[in-house]
Amino acid sequence: MREERLTARGAARRTLLLDTAIELVADAGAGALTHRAVATRAQVSLASVSYHFSSIDDLRTAMFEHAQQTVASQVAQAGVQSESAPESFAQFAADLVVALLTEHRAATIAMQEMVTAAAHDSALRPTFHRFHEELGELLASCIGDRDTGLTAASTIQGLLQTALTYPELDMERCHRSTADFISRLRTDRQTADDCR
């Protein structure tokens with residue numbers, strides 16, 4: 001029983017450290033992520049962070065995966081809704097983008113920071129590639145084939161990256177533009193399929 005409590009406590013501590021790492025990266029960038037910075041911000045010992053994440057690579061990868069889980073849960077919700085009504089997927093995709101820019105902004109910023117870091121750090125690439133493939137598959141099921149889904153996923157990533165640089169972004173306009181883009185992509189794909 002004590003072992004179960006310690007395991008639950010350890011899981012809660014790990015989640016606290018990962019949430020803190022997300023906030024740190026969202027506030028100060030990927031370069032600010034260190035064991036000491038997480039320990040200071042979370043108000044825990046440095047040993048506690050080192051216990052859960054033995055190296056900076058472990059901490060960076062785990063934080064990246066944790067941020068992606070937040071984003072993936074929003075993606076999954078959109079996917080479940082879009083499967084029942086694929087014709088309205090453009091609205092769900094736009095809802096997803098706005099939710100990521102507002103409700104889950106810190107996780108979205110942290111994820112974008114780590115995507116950029118993955119360009120230089122090969123250890124981070126597999127984590128991003130898995131997520132990108134999953135998002136591409138979800139989009140492909142609603143707008144066309146795998147290549148179209150991956151292109152849409154890349155475009156949405158770019159849209160998020162750009163939108164995060166505009167703190168006063170008009171979310172209604174962003175929603176409208178995203179829905180329009182996804183709708184056009186679906187229509188173009190369907191037209192191309194019909195012409196074959």
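Number of residues in the range 103-129 that are under 13 Å from L24 (Cα atoms) and hydroxyl-bearing (S, T, Y): the value is 1. List every residue pair whose Cβ atoms lie under 6 Å apart, where the two residues are 6 or more positions apart in sequence or sit on different chains, the first residue falls within the range 160-174 and is farther than 17 Å from M114 by Cβ, and the second residue, located anywhere, is of a type in the set (V, I, T). Final answer for the pair search is M171/V98. For beta carbons closer than 9 Å, sequence separation of 6+ or different chains, a first residue in the range 40-59 that is more than 27 Å from S122 (Cβ to Cβ) and outside any helix (DSSP H, G or I) and a second that is open to solvent by 60 Å² or more (accessible area, probe 1.4 Å) and not hydroxyl-bearing (S, T, Y), the qualifying pairs are V44/R13; V44/L16.
The values are calculated or read from the model by the stated rules, or taken from the named source; none is laboratory data. Being a predicted model, the structure only gives us computed values, none of them experimental. Don't worry about glycine lacking a Cβ; one is built from the backbone with ideal geometry, like all the others, and counts go over all protein chains shown. Just the protein is used for accessible areas: all its heavy atoms, side chains included, with ligands, DNA and RNA removed. Shrake-Rupley method; radii C 1.70, N 1.55, O 1.52, S 1.80 Å.
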